[in-house]
Each structure stands twice: as C-alpha cells, then as structure tokens.
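Data first, discussion second: the structure below is written as structure tokens.
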Amino acid sequence: MRFEPRFGALLLGAVMLAGCTTVSEGEFNNAQAVLSGSPAIKAKVTRECIADQATLPLAERKTLADVANVSLERLPATFCNRLWNAVARGRITYADYRNLSSPSADSSKVIKVLQGR
C-alpha cells in the first residue's frame with residue numbers, strides 16, 4: 001500500500017474521535033497514567049470510542065479497516081481496543097500522537113499497533 005499524506009490525517013481524525021482532541025504532553029501523560037491504572041476508565045473510554053467510530057465517513061472507516069486488517073463490522077471494537085490498550089501500556093507515546101498531525105512524520109508505530117503487531 002502506498003502511503004498517502006491524507007492517511008496521517010485520517011488516523012489523527014480517528015484518534016481524535018476516539019477521545020484524544022489536541023492535548024498537551026502533560027495531559028496526555030496524565031490520561032495514560034489513568035488508563036493504565038483504571039480498567040473501569042479504560043473500558044468507558046473504549047466504549048465511547050466504539051460509539052464514535054460510527055460518525056466517521058464510510059470511506060474512512062473502510063480505509064481504517066483495511067489498515068487494521070479487519071472487517072468493517074469488526075473495525076470499531078478492534079480499532080478502539082488496540083488504540084487504548086496501546087496508550088495505557090505506553091506503546092503509543094505523546095510523540096507518536098503528535099506525529100499523526102504531520103503527513104511527513106513517521107507514524108509507523110501507530111500503524112503497527114492498529115494492525116495488532
């Protein structure tokens with residue numbers, strides 16, 4: 001698959017819909033600490049993320065499903081679980097989050113997380 005600059009924007013949009021609007025590094029780190037220490041909060045954030053996935057345009061959901069190697073039907077739960085588990089475990093850092101806003105930045109770590117690798 002050829003990487004298109006718009007893909008970074010798509011990932012950023014999906015992550016923002018999942019609850020991560022533009023935040024400072026301190027806010028991101030605080031959220032990461034809460035998610036890693038509170039299964040109840042992580043479950044709530046994941047449920048909200050799943051509900052928010054329905055607001056993405058169909059074409060974007062199809063692209064994300066292809067990237068995540070899952071069916072369109074499984075995308076919301078798979079995407080949100082992989083995303084928030086990775087944030088809670090520290091696999092996605094603030095720098096990774098910030099890189100999603102730049103089409104020329106390396107977002108390969110986030111892509112691998114979404115693919116379950």
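Structural remarks
- Looking only at residues in region 19-39 that are small (Gly, Ala, Ser) and at pLDDT 55 or above, the one that is surrounded by the most Cβ atoms within 10 Å (Cβ to Cβ) is Ala31.
- Test: residue in region 102-112 that is within 12 Å of the chain's Cα centre (by Cα) and without any contact (Cβ under 8 Å) to a residue 12 or more places away in the chain: yes
- The set of residues in region 40-74 being surrounded by 12 or more Cβ atoms within 10 Å (Cβ to Cβ), assigned to a loop (DSSP other than H, G, I, E, B) and either basic (Lys, Arg) or out of contact with any Leu (no Cβ under 7 Å at 6 or more places or on another chain) (or both) consists of Asn69, Val70, Leu72, Arg74.
- Asn85 vs. criteria surrounded by 15 or more Cβ atoms within 10 Å (Cβ to Cβ), touching a Ser or Thr at 6+ places or on another chain (Cβ under 7 Å) and under 24 Å from Val34 (Cβ atoms): no
The values are calculated or read from the model by the stated rules, or taken from the named source; none is laboratory data. These numbers were taken from a predicted model, which means no experiment stands behind them. So basically every Cβ, Gly included, is an ideal-geometry build from the backbone, and we count neighbours across all protein chains shown.
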